[in-house]
Structure formats: C-alpha cells, structure tokens
1. Condition first: farther than 14 Å from VAL10 by Cα and in contact (Cβ under 8 Å) with a residue 24 or more places away in the chain. Now tell me which residues in the range 52-63 satisfy that.
2. Within the range 88-107, identify whether any single residue is of a type in the set (Lys, Arg), under 29 Å from VAL7 (Cα atoms) and surrounded by fewer than 17 Cβ atoms within 10 Å (Cβ to Cβ), and answer yes or no.
3. Among the listed residues ASP68, ASP81, which satisfies the condition of being closer than 30 Å to ASP31 by Cα, in the same structural domain as ILE9 (by TED's automatic domain parsing) and exposed (fewer than 12 other Cβ atoms within 10 Å of the Cβ)?
4. For GLN101, all conditions in the list (1) among the polar types (S, T, N, Q); (2) touching a residue at least 40 places away in the same chain (Cβ under 8 Å); (3) in the same structural domain as SER144 (by TED's automatic domain parsing) hold save one; what is the number of the exception?
5. Could you check the range 109-134 and list, in sequence order, the residues that are in a helix (DSSP H, G or I) and aliphatic (A, V, I, L, M)?
6. Quick one: would you say ALA106 is closer than 30 Å to THR138 by Cα and either modelled with pLDDT under 85 or assigned to a helix (DSSP H, G or I) (or both)?
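The values are calculated or read from the model by the stated rules, or taken from the named source; none is laboratory data. Here the structure is a predicted model, which means the values were calculated and not measured. Cβ: placed from backbone, ideal geometry, glycine included. Neighbour counts: every protein chain shown.
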Amino acid sequence: MVATLGVEIVEHLDHLRACARSLARDRALADDLVQEAVLRALVHADHFRPGSNLRAWLSTILRNAFFDEKRAEKRRMQFVDALASAPASTKGEQEARLAMQDVCRAFARLPAGQRTALALVGAEGFSYEEAARQAGCTIGTVKSRASRARVNLHRLLDADEGRAANDAASGGLWRPRAA
C-alpha cells in the first residue's frame, strides 16, 4: 500500500508546495514542510482510507506540520527571550583573593634579598641590569636571588596547599602558620 500511496503522493507535490509556500512565506521552510508532510504521510500510510480524498489528507498533514513548526518556533523564542532577560552570572572573586593572600603570605616569608630581587624583576618589571643598580649588587646576584625566590615561593605555596588538603581531609580547618 505504501508503494502505491507514494506514487499517488508524487502527483500532489505541486499542490503541496503551493500550499506550503502560502503558509510559510519562506521557500526553505516551505520545502521543509513538504518534506515533513510526505514523510508523515508515508509513515502513517495505514491511517489513509483508500477511496477518500488524498489531496485533502495531505493538505491536513501539511497544515498540521506547519502549526507544529510554529509552536516549536514560539517555544524556541520564549527560551531565547528567557535567556536574554536572565541576569548574567559572574564568577566570584573569593578564590582569587584567597590565592593572592596565600601568595602575599608566602612572599613575606622569603629572605629580604630574594623578596627585593623578585619585586624589582617580577612585580616592577625592571630588567636585571636596572634591578642590580637599584639593589646595589651585580646582575648575577639579582638573577640568582630572583631564581631562588621563585623556587622558594613555589615551594612555600605547595607546602601551604598540601597542609590545606591534609587539614581538609582530616576535617580540620586550615590555618596558615605565622611568618
């Protein structure tokens, strides 16, 4: 039955295209509607009563497909409108502030020479030569102190992080050691 119905549907394609274009007023949507109507007709071929008006049956399927598309489009628009009107969320700054506090505590625990070298080269952006002039030492000394400061800073931060993980695992609260 589907094979014979398929042949008969082909005879009504021009009418379906005309109806779809008048409903949709958009050629691409009209083509999609015709395709959807033909697919639905073939899938539900057992619902068609032989001897009844095939053109009317196909037109009803096409019209229902159009209304389904419009309802879906309305839901999509409501969703987009809801998203657009929703307040934009922002990420909290607490974690960054806590991390910066950890860095400041660890930085304060560095020896004075290392702190000075790292502040001049890292924070202030001085070249090693300028930092050496500011600190009153050689370039090699500034390079060495800045390098050791970076290593020590990482070590201190890793140690603090390890203590925090251990305290969290044991259920206790992490408190930084006094400098």
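1. Within the range 52-63, ILE61, LEU62, ARG63 meet the criteria.
2. Restricting attention to the range 88-107, the residues satisfying the condition of being of a type in the set (Lys, Arg) are 91, 97, 105.
Cutting the leftovers down to under 29 Å from VAL7 (Cα atoms) gives us none.
For the range 88-107, residues of a type in the set (Lys, Arg), under 29 Å from VAL7 (Cα atoms) and surrounded by fewer than 17 Cβ atoms within 10 Å (Cβ to Cβ): absent.
3. Details: ASP68 fails: exposed (fewer than 12 other Cβ atoms within 10 Å of the Cβ).
Going through ASP68, ASP81 in turn, just one is closer than 30 Å to ASP31 by Cα, in the same structural domain as ILE9 (by TED's automatic domain parsing) and exposed (fewer than 12 other Cβ atoms within 10 Å of the Cβ): ASP81.
4. The failed condition is (2).
5. At the first step, the residues of the range 109-134 found to be in a helix (DSSP H, G or I) are 112-123, 128-134.
The answer is ALA112, ALA117, LEU118, ALA119, LEU120, VAL121, ALA123, ALA131, ALA132.
6. Working: closer than 30 Å to THR138 by Cα: yes; either modelled with pLDDT under 85 or assigned to a helix (DSSP H, G or I) (or both): yes.
Considered against the rule, which asks whether it is closer than 30 Å to THR138 by Cα and either modelled with pLDDT under 85 or assigned to a helix (DSSP H, G or I) (or both), ALA106 comes out as yes.
Residue by residue, here is whether (1) in a helix (DSSP H, G or I); (2) not assigned by TED's automatic domain parsing to the domain that holds ASP160; (3) not hydrophobic (A, V, I, L, M, F, W, C) holds:
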position	(1), (2), (3)
ARG40	yes, yes, yes
PRO50	no, yes, yes
LEU58	yes, yes, no
ARG63	yes, yes, yes
LYS74	yes, yes, yes
